[in-house]
Amino acid sequence: MNGDWLLRGRDGRLSVYLPSGEALLCRAELAPGGPWEAPPRQVGGDQKLRPGPAVGQGADGYAHLVSWRPTKPGEAGLVHSTHFRPRLAALDWSPIGHPDKTGDRTGTPAVAVDAQGRAHVFVRNSSGGVSMAAQKEKGGWDPWRDLKGSDVQEDLAAVTGECGRVELYAAVPGGLLYWRQGERGTPPVLEEAVETPVRPGTLRAVATSADRTTLFYTDDSGDLCAWRPGGKPVSLLASAGPGPVSAVRCELDGHDCTLLAQRSSSGRVAFAAYPTEQEAAGAWWTESGPQLPSDARVSLATDEDGRVVAATLSPSTGQLLLTRRKDEPGLALEAWREG
């Protein structure tokens, strides 16, 4: 999944989204903090999907899901579904179209949701730039719009700031690009580019203050870096493993912190926390849990009580493991258990 696949719905229940073959599955808590339903349910009906779905969530708690589906031999189109509550069925997949009108899959989509609850879908186009389609306020979709850029790599990182404006980050050879809405309801504009070596597939963005978001990525040397537009990238610490990090802003012992999690090279989950937007304070990894398959990914969220929840999922095995922060000082976690 592109995006945080562990979400808290507006009813307080946690849910996870699990790509499985040509389908997207969902599992949810039966009650907040309670047991999980089994088996998982298929999202959006029985349409066949291509690999690489994306998920985003609005302030209303609704999940927006986007994926490619085959339309005819050698061609594909993007589809969208809304999941209003974890225990309800998601809407059927509906077509968004193709950024180039016709053609095959062009890249992994990304989705962010603005303050009015409208999904904004981003994807690389066949020219190597970025295209966007946004939901209309009263239903349907605006036409695809070319946001420019060139040599954009496969994965994008879309995020909504606390002010409700949608932002987008993309990696290009030797650098990063950044788009931002000037006003709500307007298309994001390419505002900034920075030179920095970026490993493909490692972008993750999170809102970190009232008017700023922070992008995390791994550079060519293996360092995990943080970048806020308007400044310079900062090396935070050596990455724990090769994949992307998950990040969540949370309160730890009364302090506003950003918590990072990543599958480490040893196979366990590594956690690191530091005061939000204060990278100079430093951070260090602490490993937790059992060894995981090499394809396992980590996602972070907070439950209805504000406690951090971490989940790991291995596509090859389908195993879902979860842990919560204990009600005690520090980042003490409960024992990992199967969901």
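Right, SER265: touching a residue at least 24 places away in the same chain (Cβ under 8 Å), of a type in the set (S, T, N, Q), out of contact with any helix residue (DSSP H, G or I) (no Cβ under 9 Å at 6 or more places or on another chain) and farther than 23 Å from THR160 by Cβ or not? Break it down into steps so the answer makes sense when it comes.
Values: touching a residue at least 24 places away in the same chain (Cβ under 8 Å): yes; of a type in the set (S, T, N, Q): yes; out of contact with any helix residue (DSSP H, G or I) (no Cβ under 9 Å at 6 or more places or on another chain): yes; farther than 23 Å from THR160 by Cβ: yes.
It is true that SER265 is touching a residue at least 24 places away in the same chain (Cβ under 8 Å), of a type in the set (S, T, N, Q), out of contact with any helix residue (DSSP H, G or I) (no Cβ under 9 Å at 6 or more places or on another chain) and farther than 23 Å from THR160 by Cβ.
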request  = Can you work out which of the residues in the range 210-231 that are farther than 16 Å from GLY174 by Cα and polar (S, T, N, Q) is surrounded by the most Cβ atoms within 10 Å (Cβ to Cβ)?
outcome  = THR214
request  = For the range 249-263, indicate whether the set of residues that are assigned to a loop (DSSP other than H, G, I, E, B) and either within 23 Å of ARG199 (Cβ to Cβ) or in contact with a His (Cβ under 9 Å, 6 or more places away or on another chain) (or both) is non-empty.
outcome  = no
query = What are the residues in the range 269-292 that are closer than 16 Å to ARG324 by Cα and in a loop (DSSP other than H, G, I, E, B), if any?
reply = GLY289, PRO290
request  = Take the range 288-309 and flag every residue that is surrounded by 13 or more Cβ atoms within 10 Å (Cβ to Cβ), in contact (Cβ under 8 Å) with a residue 40 or more places away in the chain and of a type outside the set (Lys, Arg).
outcome  = SER288, GLY289, VAL298, SER299, LEU300, ALA301, THR302, ASP303, GLU304, VAL308, VAL309
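Please find, among THR258, THR323, THR317, the residue that is closer than 24 Å to GLN57 by Cα and either surrounded by fewer than 20 Cβ atoms within 10 Å (Cβ to Cβ) or aromatic (Phe, Trp, Tyr) (or both). Before you say what the answer is, go through the steps one by one.
Details: THR258 fails: either surrounded by fewer than 20 Cβ atoms within 10 Å (Cβ to Cβ) or aromatic (Phe, Trp, Tyr) (or both); THR317 fails: closer than 24 Å to GLN57 by Cα.
Result: THR323 is the single residue among THR258, THR323, THR317 that is closer than 24 Å to GLN57 by Cα and either surrounded by fewer than 20 Cβ atoms within 10 Å (Cβ to Cβ) or aromatic (Phe, Trp, Tyr) (or both).
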message = Take THR71 and tell me if it is over 20 Å from VAL166 (Cα atoms), among the polar types (S, T, N, Q) and either assigned by TED's automatic domain parsing to the domain that holds ARG27 or in contact with a Lys or Arg (Cβ under 7 Å, 6 or more places away or on another chain) (or both).
response = yes
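Within the group VAL121, VAL66, VAL43, VAL130, which residue is crowded, with 22+ Cβ neighbours inside 10 Å, touching a Leu at 6+ places or on another chain (Cβ under 7 Å) and more than 23 Å from LEU6 (Cβ to Cβ)?
Details: VAL121 fails: more than 23 Å from LEU6 (Cβ to Cβ); VAL66 fails: more than 23 Å from LEU6 (Cβ to Cβ); VAL43 fails: more than 23 Å from LEU6 (Cβ to Cβ).
Testing whether each residue is crowded, with 22+ Cβ neighbours inside 10 Å, touching a Leu at 6+ places or on another chain (Cβ under 7 Å) and more than 23 Å from LEU6 (Cβ to Cβ) leaves just VAL130.
In the range 79-128, which residues are aliphatic (A, V, I, L, M), under 18 Å from TYR62 (Cα atoms) and either touching a Lys or Arg at 6+ places or on another chain (Cβ under 9 Å) or touching a residue at least 12 places away in the same chain (Cβ under 8 Å) (or both)? Steps first, answer last, please.
Applying the first criterion (aliphatic (A, V, I, L, M)) to the range 79-128 yields 79, 88-91, 96, 110-113, 115, 119, 121, 123.
Still in the list and also under 18 Å from TYR62 (Cα atoms): 79, 88-91, 110-113, 115, 119, 121.
Correct list: VAL79, ALA89, ALA90, LEU91, ALA110, VAL111, ALA112, VAL113, ALA115, ALA119, VAL121.
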So LEU322, is it outside any loop (DSSP other than H, G, I, E, B) and either in contact with a helix residue (DSSP H, G or I) (Cβ under 9 Å, 6 or more places away or on another chain) or assigned by TED's automatic domain parsing to the domain that holds TRP336 (or both) = yes
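Matching residues to (1) of a type in the set (Phe, Trp, Tyr); (2) under 18 Å from the mean Cα position of the chain (by Cα); (3) crowded, with 20+ Cβ neighbours inside 10 Å:
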position	(1), (2), (3)
TRP5	yes, yes, yes
LEU30	no, no, no
PRO35	no, no, no
VAL55	no, yes, yes
ASP92	no, no, no
message = For the condition touching a residue at least 60 places away in the same chain (Cβ under 8 Å) and hydrophobic (A, V, I, L, M, F, W, C), what is the one hit in VAL248, VAL234?
response = VAL248
note = Selection over the range 278-287 where residues are surrounded by 14 or more Cβ atoms within 10 Å (Cβ to Cβ) and among the aromatic types (Phe, Trp, Tyr) yields a count of 1
ask   = Out of all the residues in the range 133-160, which are of a type outside the set (A, V, I, L, M), surrounded by 22 or more Cβ atoms within 10 Å (Cβ to Cβ) and part of a loop (DSSP other than H, G, I, E, B)?
value = ASP155
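The values are calculated or read from the model by the stated rules, or taken from the named source; none is laboratory data. Quick caveat: nothing in here was measured; it's all calculated off a predicted structure. Note that we place each Cβ from the backbone using ideal geometry, even for glycine, and neighbour counts take in every protein chain shown.
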